[in-house]
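Some notes on the structure that comes next.
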Amino acid sequence: MSVEEMKVMGVIGPKNILNGVLRRIILQGSVHMIDAFSRVYSTDFFLPPTERNIEVLEEEPNLKPYSERRDFSEEERIVNLFHTLFDIEPYLSEDYVNEDYDYDRFMKQFFGIYQELQQTEQEIEGKLGEIARKKEYIDNLKYLSSFNLEINRFIDMEYLVFRVIRITRENYDKLKKNYKNIPAIILKVAAEGKNVILVSIAPETLEETLERIYSSLNYTILPLPQEMEGTVDVVSEKLRSSIEEDQKIIESLKISIEKYKEQYINELKKMHSRLEMEKKIEEVKSKIALGDKSFFMFGFVPASRVNKLKGELEKYFDDRLIILIDEIKKPYSGTTTPPTKLNNIKLFQPFESLVKMYGIPSYQEKDPTVFFALTYLLIFGAMFGDVGQGAVLLLAGIILEYFYKKVDFGGILNRLGLSSIIFGFLYGSVFGSEDILPALVIRPMSNINNMLITAVVLGVMLILFSYMIGIINAVKEKNIKEGLLGENGLAGFLFYLLLLYTVFRVFVLHQPLVPLITITLILLLVIILLKEPFGSRLFHSGGDIDKSFKKLSANDYIEEGFGLIEMLLSMLSNTISFLRVGAFALNHVGLYIAFLTLAKMMKSAWGNWTILVVGNIVILTLEALIVFIQALRLEYYELFTKYYRGDGIEYVPLKINFSKIINPKTGV
């Protein structure tokens with residue numbers, strides 16, 4: 001339940017095995033890559049000058065970045081064609097890239113097949129186009145079935161132009177009104193829906209004039225077969241026979257494709273996985289430094305996985321690699337900043353996504369996930385305590401997590417539902433009703449003042465815990481000045497604690513101020529105000545407090561003064577903000593009472609139950625969402641600001657997420 005320890009791993013070896021090394025590293029999936037140049041030229045990088053390392057050390061001053069960028073578009077076209085032709089769903093399998101293979105040699109065997117299959121696919125597409133065109137001819141010829149003449153006599157007239165056209169009924173009416181001005185013989189042969197089919201015969205010399213008229217009517221020419229003799233019935237039969245022949249050719253072409261599939265299916269399955277692996281390898285080469293003969297690569301690896309990765313590389317590449325394992329040294333910045341890998345038990349893992357929404361904890365920062373999860377569950381349950389509605393949230397979360405694989409959101413939802421159920425028993429609330437179960441602790445609506453006071457007390461306790469975590473973080477990061485003198489450090493913690501005691505003494509116990517406490521509060525404010533000069537004196541050897549004071553200008557004092565005012569206001573607002581915990585607990589019951597009142601106004605039992613069901617749906621969706629957001633707001637603004645910065649770098653290991661996708665139609 002903390003940030004996992006990292007180590008820096010360096011891998012140096014001959015360039016001819018670079019792809020193989022990267023493949024092993026990607027499969028192992030634990031290296032967070034860093035720029036090799038930033039590591040090689042850092043002050044703490046050291047490669048022992050042994051006999052084995054001499055050649056590598058000679059290359060170190062002349063390292064160059066990987067400048068080539070391989071284009072995989074051709075390979076992608078090949079893979080996509082095979083997937084389309086053979087009806088194969090692309091899927092990634094670790095088994096297909098875990099073998100020892102030469103990618104270029106593997107892909108080369110498919111280029112010739114690709115050309116043949118591409119030609120076959122084009123022939124199939126061509127034949128399908130011809131079939132579609134012939135079917136269109138048959139559909140258009142049916143309009144001429146009443147003419148018992150050979151169709152070619154219409155089409156091949158020397159001085160007349162024969163057309164079959166389609167226009168809308170509206171335009172046909174316009175055509176009839178102006179028929180006397182049209183230089184053509186027009187015959188209506190069919191009507192289909194909103195369209196009319198016409199036959200037009202006109203002199204060839206007037207075709208241009210006729211074209212202008214037809215264009216204004218938005219006409220469509222229906223194509224007819226050329227160079228085919230016979231009546232409409234004869235030509236239509238010839239076309240049907242031709243379509244059958246084309247279909248036989250298509251079937252034979254498909255059979256030839258199936259033969260390729262049977263012969264190469266096992267190799268074809270590997271193509272997608274190996275292509276994706278090669279693309280990933282090419283992607284990370286930009287972080288590698290290259291010499292004339294060697295490559296240098298570095299990355300952060302979790303301490304728990306270092307030995308496993310090292311052993312695997314030694315297993316596959318024997319002594320051809322130089323593997324360096326270094327501890328992380330401070331200070332670090334930029335590309336040398338270690339990434340953060342959260343390591344929490346399964347119960348708290350879904351809440352990591354909510355923590356990451358605010359920011360990733362830095363490497364030296366304490367992981368807030370456990371404290372966040374516990375307090376978030378506590379706050380949500382207190383605001384939305386209901387056995388029935390909590391059970392609905394629990395069930396919805398289980399369905400999302402285990403059936404729809406929404407692990408984070410489903411996991412959060414079912415845990416929030418469980419918290420809601422627990423508080424529902426404490427409040428005695430089931431779907432808003434307080435008449436079904438006895439309250440184990442308190443009825444919110446019957447104890448309004450107690451609920452609000454308890455909410456504030458809860459907020460005070462959580463804020464105090466947040467201060468303590470912030471102090472621990474500062475000590476862990478060796479930021480002693482901030483941990484002791486900062487507004488979120490020990491000085492701020494003591495000031496808040498004494499301020500709470502003073503407010504309680506004056507306004508609750510009605511007792512006078514204690515002079516010693518008042519003086520202490522003022523001194524703590526002064527310490528926070530003058531944190532920088534005091535810190536220079538206390539925590540930097542040889543520091544001169546007078547010089548530190550002189551470095552602060554009037555603007556600095558004004559800025560720090562406004563900072564103190566902001567601190568006091570935030571302490572007040574942060575504490576009062578927790579009133580919303582009690583307010584939403586009361587609001588939950590109040591909303592149910594409102595719907596219950598509406599239900600009682602209904603004259604039928606059916607109407608009564610309908611209002612109650614609709615009311616619970618509204619409460620469950622709308623109020624639960626608002627409570628989810630408000631609880632998150634309390635965490636982010638009232639608690640995180642005391643102890644959490646979230647300015648770290650997320651651990652993103654170099655890997656491929658292998659997942660098998662099977663096509664249910666083919667079983668492939």
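The values are calculated or read from the model by the stated rules, or taken from the named source; none is laboratory data. Keep in mind that this is a model prediction, so the values were computed, not measured. In this analysis, Cβ positions are derived from the backbone assuming ideal geometry, glycine residues included, and neighbour counts consider all displayed protein chains.
Being polar (S, T, N, Q) and more than 25 Å from residue 529 (Cβ to Cβ) is a property that holds for residue 446. The set of residues in the stretch 637-659 being surrounded by 16 or more Cβ atoms within 10 Å (Cβ to Cβ), assigned to a helix (DSSP H, G or I) and modelled with pLDDT of 90 or more consists of 638, 639, 640.
The residues of the stretch 459-497 that are farther than 24 Å from residue 382 by Cβ, surrounded by fewer than 17 Cβ atoms within 10 Å (Cβ to Cβ) and hydrophobic (A, V, I, L, M, F, W, C), listed by number, are 472, 475, 480, 494. Taken across the stretch 77-92, residues that are touching a helix residue (DSSP H, G or I) at 6+ places or on another chain (Cβ under 7 Å), free of Cβ contacts under 8 Å to residues at least 60 places away in the same chain and surrounded by 15 or more Cβ atoms within 10 Å (Cβ to Cβ) do occur, with at least one present. Scanning the stretch 124-141 finds no residues that are assigned to a helix (DSSP H, G or I), touching a Phe, Trp or Tyr at 6+ places or on another chain (Cβ under 8 Å), surrounded by 14 or more Cβ atoms within 10 Å (Cβ to Cβ) and not assigned by TED's automatic domain parsing to the domain that holds residue 316.
Look through the stretch 263-292, keep the residues that are modelled with pLDDT under 85 and within 38 Å of the chain's Cα centre (by Cα), and return whichever of them is surrounded by the most Cβ atoms within 10 Å (Cβ to Cβ). Talk me through it step by step, then tell me what you get.
Filtering the stretch 263-292 down to residues modelled with pLDDT under 85 leaves 263-269.
Those left that are additionally within 38 Å of the chain's Cα centre (by Cα): 264-269.
Working: 264: 16, 265: 13, 266: 8, 267: 15, 268: 20, 269: 18.
That would be 268.
Scanning the stretch 300-318 for residues that are in contact (Cβ under 8 Å) with a residue 40 or more places away in the chain and either charged (D, E, K, R) or touching a helix residue (DSSP H, G or I) at 6+ places or on another chain (Cβ under 8 Å) (or both) yields a total of 9.
Scanning for something crowded, with 20+ Cβ neighbours inside 10 Å, assigned by TED's automatic domain parsing to the domain that holds residue 484 and in contact with a Gly (Cβ under 8 Å, 6 or more places away or on another chain), does the stretch 616-631 turn up at least one residue? Within the stretch 616-631, one or more residues are crowded, with 20+ Cβ neighbours inside 10 Å, assigned by TED's automatic domain parsing to the domain that holds residue 484 and in contact with a Gly (Cβ under 8 Å, 6 or more places away or on another chain).
So which helices (runs of 4 or more DSSP H) stay within the stretch 285-400 end to end and still have 3 or more residues that are of a type outside the set (Gly, Ala, Ser) and in the same structural domain as residue 57 (by TED's automatic domain parsing)?
Numbers: elements: 306-317, 352-358, 369-383.
Qualifying helices (runs of 4 or more DSSP H): 306-317.
Here's the yes/no breakdown for (1) among the aliphatic types (A, V, I, L, M); (2) buried (at least 21 other Cβ atoms within 10 Å of the Cβ):
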{"residue": "355", "(1), (2)": "yes, yes"}
{"residue": "360", "(1), (2)": "yes, yes"}
{"residue": "365", "(1), (2)": "no, yes"}
{"residue": "368", "(1), (2)": "no, yes"}
{"residue": "372", "(1), (2)": "no, yes"}
{"residue": "381", "(1), (2)": "no, yes"}
{"residue": "398", "(1), (2)": "yes, no"}
{"residue": "406", "(1), (2)": "no, no"}
{"residue": "417", "(1), (2)": "no, yes"}
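Being part of a helix (DSSP H, G or I), within 30 Å of residue 71 (Cα to Cα) and small (Gly, Ala, Ser) holds for only one residue in 252, 242, 273, and it is 273. For the stretch 293-334, the candidate set comprises residues that are aromatic (Phe, Trp, Tyr) and farther than 30 Å from residue 647 by Cβ; within that set, the residue that is modelled with the highest pLDDT is 295. Considering only the stretch 419-437, I want to know if a residue exists there that is in contact with a helix residue (DSSP H, G or I) (Cβ under 7 Å, 6 or more places away or on another chain), without any contact (Cβ under 8 Å) to a residue 40 or more places away in the chain and charged (D, E, K, R). Checked against the condition, which is being in contact with a helix residue (DSSP H, G or I) (Cβ under 7 Å, 6 or more places away or on another chain), without any contact (Cβ under 8 Å) to a residue 40 or more places away in the chain and charged (D, E, K, R), the stretch 419-437 yields no hits at all.
Checking each residue in the stretch 196-229 for being under 22 Å from residue 132 (Cβ atoms) and surrounded by fewer than 16 Cβ atoms within 10 Å (Cβ to Cβ) picks out 220, 221, 223, 226, 227. Looking for something outside any helix (DSSP H, G or I), modelled with pLDDT of 85 or more, within 35 Å of the chain's Cα centre (by Cα) and outside the structural domain of residue 423 (by TED's automatic domain parsing) - is there at least one such residue anywhere in the stretch 575-586? No, the stretch 575-586 contains no residue that is outside any helix (DSSP H, G or I), modelled with pLDDT of 85 or more, within 35 Å of the chain's Cα centre (by Cα) and outside the structural domain of residue 423 (by TED's automatic domain parsing).
Being in contact (Cβ under 8 Å) with a residue 40 or more places away in the chain, among the basic types (Lys, Arg) and closer than 30 Å to residue 81 by Cβ is the requirement here; does residue 174 meet it? Lay out the reasoning, then the answer.
On the way: in contact (Cβ under 8 Å) with a residue 40 or more places away in the chain: yes; among the basic types (Lys, Arg): yes; closer than 30 Å to residue 81 by Cβ: no.
Criteria not met by residue 174.
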